Structures are given as C-alpha cells and as structure tokens.
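Right, one structure below, let's go through it.
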Amino acid sequence: MTELPVSPDPLVVDTPAPAPARRVDTHSHLLPGVDDGCKTVEESVACAKILVANGYSHAFCTPHIWHNNRGISRTSVPRLVKMLQAELDAAQVPLTLFPGGEMNLYLGVDKTPADEVVPLGLGTYMLVDMWVAELPPFFEGAVEWLQNLGLSVVLAHPERMRAIQDDPDLIDYIQSLGVYLQGNLQCFTDKPEALTRKCAEKFLLDGKYFILGSDTHNPETIDVRTGGLARVRELVGEETLDQLTVANPRKLVETFGTADARG
Ligand SMILES: [Fe+2]
C-alpha cells in the first residue's frame, strides 16, 4: 500500500532561531554619574537593554580619563562596574560588563599616576582619544609612554579627529606606530556627506579598523549608534562585522568568557 504524504503541520513554522547575542561593545559610557555618559542607573539599564536587543552580550565600560576628571582609576572602575553589573542582573538584562577607560591624550599625559591608567578589562589594551586639528608633537611620545608600560594603544574614533579628516593618509602613520584603530558605529549613520562618515567608510573598506564600538552615552542617542551595525553589514558583510564586534573584541581580554564583573 502506498503511503500518503504527510501534510505539513501548519503550526510548525520553519524559521531560523534568532542568532545568540554575542557582540562585544568595546566603548561605552554606561557607568552612571561619572562622566558625560549615563546620568542615572535607570539610564544605564535602559542603554544596556538596547545593546542586548542589538545582539550584544558584553560591554566594556570606558569612562573618560581626563586630567580634570580624577577618580577614574584601576580601583574605582572595577568597583563601579560591579555595582552596575548587580543592577543589570537584578533587572535581568543579560549583558556582562568589563572595566576599562578612555584616556584623553594631552601634553603631560605621561605624568598620569599609574593607578589612573585603566586598560580594557585591566588587560593590555588601552583605549585613548584625542581631539586635534593637527597631530601634535607629543602624540608619538604619549603612544610610546603607554607602549613602554606594556600596553597596546587603541585609538578611539579616528574618523572624528579633524586632523585625520583633513588628511586621511595620516592613519597610515598612526598605524605605523603600532596603534590599533577603533571605529565609532555612530559615524556610519551620519549624513552621507559628513566627513566622519566618509572617513569611517573609507577606513572600514580599507580594513583599517581592529574593533568597532558604540561609544554609548545615553538612551536618547543610542539608536543612531547601534544603527551603524546595519550600515557596516551592508558595506563589508556579516563576516567582517563579526570580526570587528565579536572575534577581535574577545582578544582584548585574555580570560574572556571566564572573568567578569560578577567575580
Ligand atoms: Fe567615548
């Protein structure tokens, strides 16, 4: 007897399972009340929820280390990260936090006390930023100072630096010093004619970036930041997007996956 074909169950819909959250935000101002980032725990939790909704499972908290913003240190940041982690856990927001800092480079930065140099995950990568119209003579010395401390320097959002917008080839010189580059996701949603976006897209297509970060500051502006993920995907595809937001960020912490702020 011939078997009748089994009719498909109309209740079983063949849709792929959603991709697991696994992206790592390598630049955020999630810690409440310490810089120009989130002001309250509520804002921090709201931002964390949006990061999770965009596929993030981890985030480095990188408060500004400015010479006029003392108190950001290897002691204080892990303590603050632990407190915010407890809030996220209580709110059932599955985002694992790491400590870090974003150190502003200026003439005299090499006099910064050792305790105020806060690398990503307290490891060997130091996130730095600088706002200049021309690359100053002290830049090379500041990079060398950090490298002599055993740190790899990661320059945040080079596409936002006037000096680089005016002369994008400067990026090659900066890389020749051994500096890694972190692109800012927000720049990929700026107006197409904006220099930030033109530079960001050029550097992305040229393979200049090591990692991408959201540079999240508050719930009001986070959507334009996470929105950059789609444009990066459009430009270079899912594999490269994953390299810059999943694989490379995991190299920043030797014990990634086993050490976090709950420990
Ligand atoms: Fe930042």
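Values in this text are rule-based calculations from the coordinates and carry no lab data. On a predicted model such as this, the values are computed, not experimentally measured, just so you know. Neighbour counts are summed over all protein chains in view; Cβ atoms, including those assigned to glycine, are modelled from backbone coordinates with ideal geometry.
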Straight distance only, please: which lysines reach the Cα of residue 49 with their own Cα at less than 28 Å, same-chain residues fewer than 8 apart left out?
39, 82, 191, 251
Between beta-carbons, use under 13 Å as the cut-off and find the net charge around residue 179, counting Lys and Arg +1, Asp and Glu -1.
-3
To the nearest 500 deg cm²/dmol, what mean residue ellipticity at 222 nm is calculated for the chain from DSSP H runs of n ≥ 4 alone, each contributing -39,500 (n - 2.57), summed and divided by the residues?
-9000 deg cm²/dmol
With the convex hull built on the alpha-carbon atoms of segment 192-238, volume per residue in Å³ sits at 85 Å³
Which order do the peptides 101-112, 231-242 come out in when sorted by mean C-beta neighbours inside 10 angstrom, highest first?
101-112, 231-242
Anchor residue 111: lysines whose Cα lies under 16 Å away (excluding residues fewer than 8 positions away in-chain):
none
With the Cα gyration tensor of segment 67-173 giving a ≥ b ≥ c as the square roots of its eigenvalues, does the rule (a/c under 1.5 for rounded; else a/b larger than b/c for prolate; else oblate) give rounded, prolate or oblate?
prolate
Ranking of 27, 67 by count of other Cβ atoms within 10 Å, fewest first:
67, 27
When a/c reaches 1.5 or more, the comparison of a/b and b/c decides; with that in mind, is segment 23-250 rounded, prolate or oblate per its Cα gyration tensor?
oblate
Please report the net charge: other residues with Cβ closer than 15 Å to the Cβ of residue 148, K and R +1, D and E -1.
-2
Could you work out which residue, out of 25, 223, 215, moves most in a Gaussian network model of the chain, that is, has the largest mean-square fluctuation with Cα springs under 10 Å?
223
